[in-house]
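Asker: The following block contains the structure, expressed as structure tokens.
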Amino acid sequence: MPQRFRFSSRWFALPVLLLPLIAADAQVQPEPVRRLITQPIDNNKRVTLAGNTRPEANSTNDRGRVPDSLPMDHLQLTLRPPEEKQAELDRFLNEVQDPQSPNYHKWLTPQEFKKEFSLAPQDIEAISGWLKSEGFQVNAINPTAIDFSGTAGQVDHAFKTEIHYLDVKGVKHIANIRDPQIPATLAPAVSGIVSLNDFKPRPLGGTRRPRQ
């Protein structure tokens, strides 16, 4: 059986997992979320998701392409809400932690958070539908990311970036060798993709042990 790598699933900027599971005293229904994906998806018209390549993925460390069949589990396509919804979220996070605010400690359940701060359902459907059309399995849809799995070959075809073996100071890794691309239609709702490599974040104040 091919070797299977597991990848980290970091989320950015939206600490929903830090919110206690206490229902909010919400009286006003949220406004419908503005749709960001309004055109048909054209795989021939693409944009690059800049800043999604490890600095270690360079010619010095490159040891060649991995097999197309290599499984890649729990990749994370990170989502970008509309600007006005992001502003609402920032305001909520400030108020819920401010003792002077009338909304202090009026927490949201995960279901309420998803309802108020996720992308429009039509946008979620468009993005997850595109992933499935590229052969990926969609594992979970969260307010800030879509978790999906596939193979290195599917990543190359869908995101136009190859996955290569690396040798970084004697430690073996895999990583994408260039920034991934997505259809331009999806770009307003997608901010990046996490875990196209097997690098793990270093613990604060700790040292990293080399792999055996």
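The values are calculated or read from the model by the stated rules, or taken from the named source; none is laboratory data. Small disclaimer: the values here were computed from a predicted structure and weren't measured. Counting neighbours? That spans all protein chains shown, and the Cβs are built from the backbone with ideal geometry, glycine included.
Residue by residue, here is whether (1) assigned by TED's automatic domain parsing to the domain that holds Leu131; (2) over 23 Å from the mean Cα position of the chain (by Cα); (3) modelled with pLDDT of 50 or more holds:
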residue	(1), (2), (3)
Gln3	yes, yes, yes
Val16	no, no, no
Ala26	no, yes, no
Gln29	no, yes, yes
Gly51	yes, no, yes
Arg65	yes, yes, yes
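Asker: On the basis of being of a type in the set (A, V, I, L, M, F, W, C) and closer than 20 Å to Ile41 by Cα, does Val194 make the cut?
Answerer: no
Asker: Tell me, which strands (runs of 3 or more DSSP E) lie completely within region 69-177 with 3 or more residues that are out of contact with any Phe, Trp or Tyr (no Cβ under 7 Å at 6 or more places or on another chain), hydrophobic (A, V, I, L, M, F, W, C) and at pLDDT 95 or above?
Answerer: Result: 163-168.
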